[in-house]
Each structure stands twice: as structure tokens, then as C-alpha cells.
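Data block below; observations after.
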Amino acid sequence: MWWKAILLWFVLMLLAIMNGTVRIKLIIPYTGLTAGLAISTVMLCALILLATWLSIRWMGPATAAQAWSIGLLWLAMTFAFEFGAGHFLFKKPWSELLVDYDVTQGRIWVLVPIVTAMAPWWMARVRGLVG
């Protein structure tokens, strides 16, 4: 189960990169920054849910606890990549990395890690794999 969950996380990262490209090239030029970021956030959440829905049987969590553990693993990997690579590899300051989490500025990116963590349990429940 774990190698499948890790493999799917890499698929989710590819979807996130494609989503970011679409956001920069197609959405923001037509909607502006704030609306473009919101649209992109909702799109990525939908992609995460769809990919999880399609693959949850293949990943095979047998219990709600296993499904939650996949989600928490994905969350840890996501934060490690976003903040670890963002700060140490791409040299972005912490303030720049945290700006997308500032809901007082109209940023709703915080939905992405929430959906990432919940998706395996939620989709396993929707698909009738766990109670």
C-alpha cells in the first residue's frame, strides 16, 4: 500500500505543476491574480480528489486509519517539498512561501493541504472501502 501511495503522490505533484502552468499562462492573464489563484486552488483540489477517487481501490487501504495515514503521509511530503525545496533549493524566503496561506489577503491555498490530507479517507469512504 505504501509504495502505491508514494507513487500516487508523485502523480499529484505532476498535476500540481500542470495546474500551476495553466494558472500562470491561461488563467491569471484573463482573471487577475486573486481570482486566478482561487480558480487554480479549486481546480487543484478537484484534481486531487479525482486522482484519489480513481486510484483508492488500487492503493488498497483496508481501514479508515490506513486511509488517514496515507493522507497524512501525502501532507507531510507536500509540506516537505513545498517548504523544504522552496526555501533551501529555490532560496525563497519563508514570508514568500507563507503568503499563499494568508486567508486575510484572499488566499485560499490552505484548502490544498486540507484536501490532500482528507482525500484518501474521503474517497475510500465514497467508494465504500472504509466506514
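The values are calculated or read from the model by the stated rules, or taken from the named source; none is laboratory data. Remember, it's a predicted structure, so these values are computed and weren't measured experimentally. Note that we place each Cβ from the backbone using ideal geometry, even for glycine, and neighbour counts take in every protein chain shown.
Okay, here's what the table says:
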item	result
Listing of helices (runs of 4 or more DSSP H) fully contained in segment 1-105 that carry 1 or more residues being among the β-branched types (Val, Ile, Thr)	2-22, 28-31, 33-59, 64-79
Residue that is in contact with a Phe, Trp or Tyr (Cβ under 6 Å, 6 or more places away or on another chain), modelled with pLDDT of 90 or more, over 14 Å from Met13 (Cβ atoms) and surrounded by 13 or more Cβ atoms within 10 Å (Cβ to Cβ), where the choices are Met123, Met118, Met77	Met123
Any pair with Cβ under 8 angstrom, 6 or more apart, that starts in segment 4-23 at a residue that is closer than 15 Å to Trp53 by Cα and ends at one that is not in a helix (DSSP H, G or I)	Lys4/Gly60
Criterion (in contact with a Pro (Cβ under 6 Å, 6 or more places away or on another chain) and not small (Gly, Ala, Ser)) met by exactly one of Ile56, Ile70	Ile70
Close pairs (9 angstrom Cβ cut-off, 6 or more residues apart or separate chains): at positive phi in segment 37-63, outside any helix (DSSP H, G or I) anywhere	Gly60/Met1; Gly60/Leu129
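Okay, residues lined up against (1) in contact with a Pro (Cβ under 7 Å, 6 or more places away or on another chain); (2) farther than 16 Å from Leu73 by Cβ; (3) loosely packed, with under 12 Cβ neighbours inside 10 Å; (4) not hydroxyl-bearing (Ser, Thr, Tyr):
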{"site": "Lys4", "(1), (2), (3), (4)": "no, no, no, yes"}
{"site": "Thr31", "(1), (2), (3), (4)": "no, yes, no, no"}
{"site": "Ile39", "(1), (2), (3), (4)": "no, yes, no, yes"}
{"site": "Thr52", "(1), (2), (3), (4)": "yes, no, no, no"}
